[in-house]
Amino acid sequence: MFLNLHMIQTFPASNLNRDDTGAPKDVIFGGHKRSRISSQCQKRSIRTHPSFRRRIEESGGDLGVRTARLTERLQEIFQNAGRPDEEIEKTIEAILKAIGIKKASKSEKTQYLLFLGNKEIEELADIALDHWQEAVKDSKKPEFEKTTEKQMKTILSERAKKSGYAADIALFGRMMADDKNLNVDAACQVAHAVGTSANSLQTDFYTAVDDLLPEDESGAGMMGIIEFTSATYYRYADIDLNKLSENLGELHSDQAVAAVTGFVEAAIKAIPTGMQNSFAAHTPPKYIRLELTEAPLSLANAFEKPIPVRKDRSVERSSIEALKEEARRTEEFLGSGPKWMLEADFYDSQTLCVPALIEELQKRLAAYFSPEES
């Protein structure tokens, strides 16, 4: 089963996610240019939001870290264990060789960002500490590789069969270019947020005053141009609940509940940080819809035709109505609807408020993931 998350969210003047020229990202949809926020940008905001991390930690789950600085993390662990610096360097080289990860040229960083669970890193370090003399004895470390390579790769490749992956790796997946056996298929998909009406790219010419400018001089200390936009967005994500359960280890139903609840709560609260010091666009979504379905189902086509600007109704409210109508007509057309649906509508007091929606979601997930239900 899949949990589908639909949201309508309006941001005033902002540049939350910019392209290589510094302009807000956009996309052509339905023949019209729309504002866009990439899925990568949204996923990082969700993964690092305190709501997500708190729920995972309270459930006893693990969190991952995406970094090219694995060597620095291992060095910290070994230094805390009281190992000499010259031996630490040899051991880290041996670990990277055993798991098939290469460092960038003339750098202590790895060639690309790795996405590893904190417990995975600690377990790799524990194995190295158990085989420390083998790692530092021989510069080629054949004995170390022989005895530890299988153990170390098992931690990264078959972890789900034992204790499960970190919650964010279980949700968002992992790709390791050096060894496809270390990859993890994601349980979650996040769509690019797309403006429901035509794009409104604008520019702001600004100047900054030099505070120490002499009184007999005038003019700006600097000047420039910032591009920004304002838009109402349709946001969509889905989670394959069975895949998530598999990635987390089937015995960890409480962590699966925490991961999904934390994801939804963070998706509602998290806002990308791009140029927020200049725009402070901290506006929450006004409509949230959760559906449990047999297959993922986006309602983005509700906005293939841009929402028109009207004097008597906001684009945001018209977008919510269009989304509800698309859901109704899609259910009618397909002849089947969601197993259940929850919604929070800012403009409809008959629907749930956000805390009640989260609480109800948590109850339904607990029932879904419980051994009795499965």
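Once the Cα atoms are used to define both axes, helix 253-269 deviates from the longest principal axis of the chain by about 40 degrees. Split the accessible area of the range 177-241 by element, probe 1.4 Å, and carbon with sulfur accounts for 48%. Each of Pro272, Met1, Val136 was scored by the projection of its Cα onto the charge dipole of the chain, and the greatest displacement toward the positive side belongs to Met1; charges sit on the C-beta of Lys, Arg, Asp and Glu.
Determine the dipole magnitude for the range 214-344: charges of +1 sit on the beta-carbon of Lys and Arg, -1 on that of Asp and Glu, nothing else is charged, the reference point is the Cα centre, and the result goes in debye to the nearest 20. Could the numbers behind the result be given before it?
Working: 14 positive and 21 negative charges, 119 e Å.
It works out to roughly 580 debye.
The separation of the range 77-100 from the range 310-365, counted between C-alpha centres, amounts to 53 Å. Only Cα pairs under 8 Å and 6+ residues apart enter the sum, and on that basis the relative contact order of the chain stands at 29 percent.
For the pair Met175 and Met341 in one chain, pulling the backbone fully straight at 0.36 nm per residue adds 56.5 nm over the alpha carbon distance. Normalised per residue, the accessible area of the range 216-288 is 41 Å², obtained with a 1.4 Å probe and no contribution from ligands, DNA or RNA.
With no solvent and one equal point scatterer placed on each C-alpha of the chain, evaluate the Debye formula and give log10 I(q)/I(0) for q = 0.07, 0.12, 0.13 Å⁻¹, two decimals. Normalising to I(0) and taking log10 leaves -0.42, -0.98, -1.07. Lys/Arg Cβ at +1, Asp/Glu Cβ at -1, dipole of the chain taken about the Cα centre: which of Leu16, Gly221, Val315 is farthest positive-ward? Farthest towards the positive pole: Val315. The heavy atoms of Phe29 present about 50 square angstrom of accessible area, all protein chains included, probe 1.4 Å. Calculated accessible area for the range 42-113 comes out at 55 Å² per residue, all protein chains present (probe 1.4 Å; ligands, DNA, RNA ignored). Cα axis of helix 354-369 to longest principal axis of the chain: angle in degrees, 0 to 90, nearest 10? It works out to around 50 degrees.
Structure remark: mean-square fluctuation, Gaussian network model of the chain, C-alpha springs under 10 Å; the largest value among Ser163, Ser197, Ser278 belongs to Ser278.
Remark on the range 232-358: hydrodynamic radius 16.8 angstrom, per the Kirkwood mean of 1/r across alpha carbon pairs. Farthest towards the positive end of the charge dipole of the range 271-374, among the residues Cys353, Gly335, Thr283, is the Cα of Thr283, using unit charges on the Cβ of Lys, Arg, Asp and Glu. Gyration tensor over the Cα atoms of the range 38-98: the corresponding equivalent ellipsoid has semi-axes (square roots of 5 times the eigenvalues, largest first) of 31, 16, 9 Å. Carbon-plus-sulfur accessible fraction, the range 280-374 (probe radius 1.4 Å, protein heavy atoms only): 51%.
The listed residues His252, His6, His282 rank as His282, His252, His6 when sorted by accessible area, largest first, using a 1.4 Å probe. Treating each Cα of the range 181-241 as an identical point scatterer and ignoring solvent, apply the Debye formula and state log10 I(q)/I(0) at q = 0.14, 0.16, 0.21, 0.27 Å⁻¹. The Cα Debye sum returns log10 ratios of -0.69, -0.75, -0.91, -1.09. Pairs with C-alpha atoms separated by more than 25 Å, drawn from the list Lys43/Lys119; Lys33/Lys311; Lys102/Lys243; Lys25/Lys119; Lys25/Lys311; Lys90/Lys162, are Lys102/Lys243; Lys25/Lys119; Lys25/Lys311; Lys90/Lys162. With only the Cα atoms considered, the range 312-362 has a convex hull volume of 92 Å³ per residue.
Note on the chain: with charges restricted to the Cβ of Lys and Arg (+1) and Asp and Glu (-1), its dipole about the Cα centre is near 840 debye.
Where in the range 265-293 does the amide nitrogen come within less than 16 Å of the point 7 Å from the Cα of Leu334, taken along Cα to Cβ? Once the point is set 7 Å along Cα→Cβ of Leu334, 289-293 turn out to lie under 16 Å by backbone N, inside the range 265-293.
When the Gaussian network model of the chain links Cα atoms closer than 10 Å, the mean-square fluctuations of Thr67, Thr207, Thr351 top out at Thr207.
The values are calculated or read from the model by the stated rules, or taken from the named source; none is laboratory data. The structure displayed is predicted, hence computed values, not measured ones. Cβ sites come from the backbone with ideal geometry, for glycine too, and all protein chains shown count toward neighbours. Accessible surface areas use protein heavy atoms only, side chains included; no ligands, DNA or RNA. Shrake-Rupley method; radii C 1.70, N 1.55, O 1.52, S 1.80 Å.
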